[in-house]
Every structure is written in structure tokens, then in C-alpha cells.
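Here, each number is a calculation from the coordinates, and none is a lab measurement. Here the structure is a predicted model, which is why all the values come from computation and not from measurement. We place every Cβ from the backbone using ideal geometry, glycine too, and count neighbours over all the protein chains shown.
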């Protein structure tokens with residue numbers, strides 16, 4: 001409500017400010033939610049049905065949050081070009097699954113692009129597979145944020161972040177100095193899933 005009131009005082013629409021304020025609150029709570037998701041992922045992987053339901057609900061809520069991000073900053077979904085000057089590949093591996101998201105463009109890939117790519121990968125592989133890789137997703141997200149805080153990361157071979165039961169998330173900076181601070185860069189995000197059922 002404070003966001004809506006501030007928006008009106010600044011000459012904008014109450015609804016836009018209220019929505020922005022709500023999602024800012026959600027964003028600030030995201031780090032706490034990630035820690036909870038890691039715990040839920042461990043419990044769900046061990047067969048706890050209540051934890052599996054909680055993980056499914058948190059996955060849907062996270063999807064709604066990321067949908068808002070896509071609506072207000074749409075990503076170009078396409079096939080990353082070999083000629084892209086800046087290219088990053090994010091992969092989910094292990095447990096008979098191989099899925100990847102490639103982000104490419106003519107300008108450096110930003111931290112926001114990287115986080116959107118991780119979100120796309122989570123949505124692609126489904127809640128069970130994402131739960132098994134919960135700690136890997138959290139560590140990969142922290143790595144992307146750390147790169148941005150350091151001014152970006154140079155081209156490098158795959159860096160792995162492990163989940164449960166021999167699963168992992170890999171980040172490969174194929175071309176360019178990437179994960180810099182900034183909003184959407186206009187990069188394309190393309191995805192591929194092989195192996196087990198996505199859900």
C-alpha cells in the first residue's frame with residue numbers, strides 16, 4: 001500500500017506503485033525463501049509428501065514472481081547465435097536429466113539476464129528436478145551475483161554447483177566478460193531439455 005501511495009504522490013498510478021511495492025517486498029524476501037526452498041528440496045527428495053507440497057507451492061509462487069519480471073522486462077526467446085559476442089550456458093545435470101539454457105547477445109550478459117536464465121531452467125525441468133538441485137540453484141545464483149559485484153566474470157570453462165543425489169547446475173561463460181550489473185541486456189534466452197520427465 002505504501003508503494004501505491006508513493007506512486008500517487010509522485011504523479012503515477014496507485015496500482016502500478018502497489019504492484020511494484022509488493023514485488024519489491026517479495027524480492028527482498030527471496031533470499032529467505034531460497035533458504036527455505038533448499039530445506040524443502042531436501043525433505044521432498046527424501047519422500048516427505050508435506051515437503052513436496054510445500055516445494056510445489058513455493059515453485060509456483062516463484063514462477064508467478066518471475067512471470068511478473070518477464071511481463072515488465074520481456075526476454076527474447078530464440079536460438080542463441082554462434083555469432084553472439086557474449087554467450088553463457090546454464091545447465092542442469094545428473095539424475096538422468098540434461099537441460100540447458102543459453103543466453104547470448106551483442107552486449108554483455110547482465111546479472112538480471114543470468115537470474116532470468118536460472119529461473120527459465122528451473123521452470124523447464126519442473127519442481128521435482130529443481131528441488132533436487134535446490135542448493136545448486138542457490139549457489140549458482142550467488143555466483144552470478146558475486147560476478148556482478150566484482151564487475152563481471154571473464155570467459156571460463158564450466159563451474160559446477162551441486163545439489164542432492166549427484167545433481168548439479170553448471171555455468172559456462174563461453175564468450176565475453178559477462179554477469180555485469182544492469183537490467184535486461186536484450187540477449188536471447190533459448191532452452192533445451194533431454195532425459196527424464198520434466199515434471
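Couple of notes before you dig in:
- Protection-proxy order for peptides 166-173, 103-110, each taking the mean of Cβ atoms within 10 Å per residue, highest first: 103-110, 166-173
- Inter-centroid distance (Cα atoms) of the stretch 81-123 relative to the stretch 155-182, Å: 9 Å
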